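Trainee: The following block contains the structure, expressed as structure tokens.
The values are calculated or read from the model by the stated rules, or taken from the named source; none is laboratory data. As the structure is a prediction and not an experimental result, all values here were calculated from the model. Just the protein is used for accessible areas: all its heavy atoms, side chains included, with ligands, DNA and RNA removed. Shrake-Rupley method; radii C 1.70, N 1.55, O 1.52, S 1.80 Å.
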Amino acid sequence: MVRRERSTGSQGNLEVDVSTGWLAAVRRVESPNCDSRPPRVETDLIVVHGISLPPGEFGGPWIDRLFCNTLPPDEHPYFAEVASKKVSAHLLIDRRGAVTQYVPFDMRAWHAGPSSYAGRGPCNDFSIGIELEGTDTSAYEERQYHVLARVIGALCRAYPALSPTRVAGHSDVAPGRKTDPGPAFDWPRLRTLIALETSSSPGY
Ligand SMILES: [Zn+2]
């Protein structure tokens, strides 16, 4: 049964445990690249990213290792460029739709860098960062959209300041500096799935 769920990317239980800030039942790899959010700042934005390591290649342990500061710089020329960066995201949704959480939602993950949203920044202070395994120019997997919409629904139920309309791309909050999730990312598809997810959720 678990195998079948994984193959469809359905992921089982995606509810947030608000007492801990972790999704209840997903793979967990704790990243040291996080710190406390500023006091009295509500988490009210979701930032969608795209990532692949090495660029254009999927699978492998490299995203986990980047976020845990154990990426081997000699393994690939690109790794030498990024291995020393201290970065993380709250979540990764891989090509199969499987979710990994690296940082609890009440902590600040280091995903957006210099950035602003509606004149306010930096976005790491008040956002949740979600990486999709992919590139700017290759289609993301349908199962990734489904899981992302379900995660967004769960986050909006758990954190009242979040809303389905407050979802932006990294390229939106860091224009000119970042391009992900890229033109390959189908925003209308995500909006449709979020609408279905949030309208069909009891109690939302
Ligand atoms: Zn990004």
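Trainee: If you average the sequence gap of Cα pairs under 8 Å that are 6 or more apart and divide by the length of the stretch 38-122, what percent do you get for the contact order? Please report the intermediate quantities before stating the final value.
Mentor: Details: 81 pairs, mean separation 15.2, N = 85.
Here the relative contact order equals 18 percent.
Trainee: Over the stretch 140-204, what relative contact order in percent results from Cα pairs under 8 Å that are six or more residues apart?
Mentor: Details: 41 pairs, mean separation 27.1, N = 65.
Once normalised by length, the contact order is 42 percent.
Trainee: Report the semi-axes of the equivalent ellipsoid for the stretch 68-148 in whole Å, largest first, where each axis is √(5λ) for an eigenvalue λ of the Cα gyration tensor.
Mentor: Details: eigenvalues 89, 78, 35 Å².
Equivalent ellipsoid of the stretch 68-148: 21, 20, 13 Å, largest first.
Trainee: If you don't mind, another one. For a distance above 20 Å, tell me the whole-number percent of Cα pairs in the stretch 112-187 that qualify. Write down the numbers at each step before the final one.
Mentor: Numbers: 972 of 2850 pairs.
Tail fraction, whole percent: 34.
Trainee: Once the mean 1/r over all distinct Cα pairs of the stretch 14-148 is inverted, what Kirkwood radius in angstroms do you read off? Please list the in-between numbers first.
Mentor: Numbers: mean 1/r = 0.0653 Å⁻¹.
By the Kirkwood definition, the hydrodynamic radius is 15.3 Å.
Trainee: Please give the per residue accessible area of the chain, computed with a probe of 1.4 Å over protein heavy atoms only, in Å².
Mentor: Working: 9550 Å² over 204 residues.
Each residue of the chain exposes 47 Å² on average to a 1.4 Å probe.
Trainee: What's the Kirkwood radius of the stretch 65-204 in Å, using all Cα pairs?
Mentor: Working: mean 1/r = 0.0625 Å⁻¹.
Kirkwood hydrodynamic radius for the stretch 65-204: 16.0 Å.
Trainee: In whole percent, what relative contact order does the chain give with Cα contacts below 8 Å and a gap of six or more residues? Display every interim value, and only then the final one.
Mentor: Working: 409 pairs, mean separation 54.4, N = 204.
About 27 percent, as a whole number.
Trainee: Now a separate question. Per DSSP helix of 4 or more residues, -39500 (n - 2.57); summed, then divided by the residues of the chain. What does that give at 222 nm, rounded to the nearest 500?
Mentor: Mean residue ellipticity, 222 nm, calculated: -7500 deg cm²/dmol.
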